[in-house]
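Scroll down for the structure; my scribbles are underneath it.
What follows draws every value from the coordinates through simple rules; no lab data is involved. Since we're looking at a predicted model, the values are computed, not measured. Cβ coordinates were reconstructed from backbone atoms using ideal geometry, including for glycine residues, and neighbour counts include every protein chain displayed.
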Ligand code: RP5
């Protein structure tokens with residue numbers, strides 16, 4: 001994520017990965033304030049053993065696109081809800097990648113972060129049968145938890 005201030009949002013992704021038993025590392029990497037850290041992380045991510053990157057940032061949210069430009073790993077972008085423009089700035093900064101460097105962009109805020117965790121797990125589950133089973137169990141439990149009528 002781009003800042004400590006993104007963590008309350010990005011924790012939703014971490015919680016989902018915890019729930020599904022997916023190992024991860026949560027780091028602060030700012031495209032603006034720590035550009036050298038960004039380059040080191042993005043260029044080294046595949047060699048470090050990462051399989052998917054979830055990049056959350058807000059405002060002029062360059063982080064996901066910049067990471068994607070320096071790795072072949074799939075990058076999922078989470079637009080963090082900004083104070084000034086409610087995350088519409090973040091969304092448009094992340095989603096409108098020119099052809100050639102994709103960022104899979106999720107919804108603004110906590111729903112997007114939770115879904116980024118789920119989507120990362122889905123990607124990893126294509127080569128991990130046990131994870132695929134845990135994902136299916138998660139879906140089944142979610143379906144079972146929805147009441148037919150409001151209480
Ligand atoms: C972005 O600027 C971060 O991703 C964060 O969403 C936003 C504001 O950062 P702080 O000023 O709260 O550190 O780079």
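The table below gives the values:
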quantity	calculated
Matching option when the condition is within 14 Å of the ligand (Cβ to nearest atom), buried (at least 20 other Cβ atoms within 10 Å of the Cβ) and under 15 Å from the mean Cα position of the chain (by Cα), among 67, 53	67
Wholly within the range 33-134, helices (runs of 4 or more DSSP H) carrying at least 2 residues that are farther than 18 Å from residue 2 by Cα and in contact with a strand residue (DSSP E or B) (Cβ under 7 Å, 6 or more places away or on another chain)	110-125
Checklist (1) touching a helix residue (DSSP H, G or I) at 6+ places or on another chain (Cβ under 7 Å); (2) more than 13 Å from the ligand (Cβ to nearest atom); (3) outside any helix (DSSP H, G or I) applied to residue 29, failing item	(2)
Selected residue (only one of 20, 76 is under 11 Å from the mean Cα position of the chain (by Cα) and away from the ligand (no atom under 13 Å from the Cβ))	76
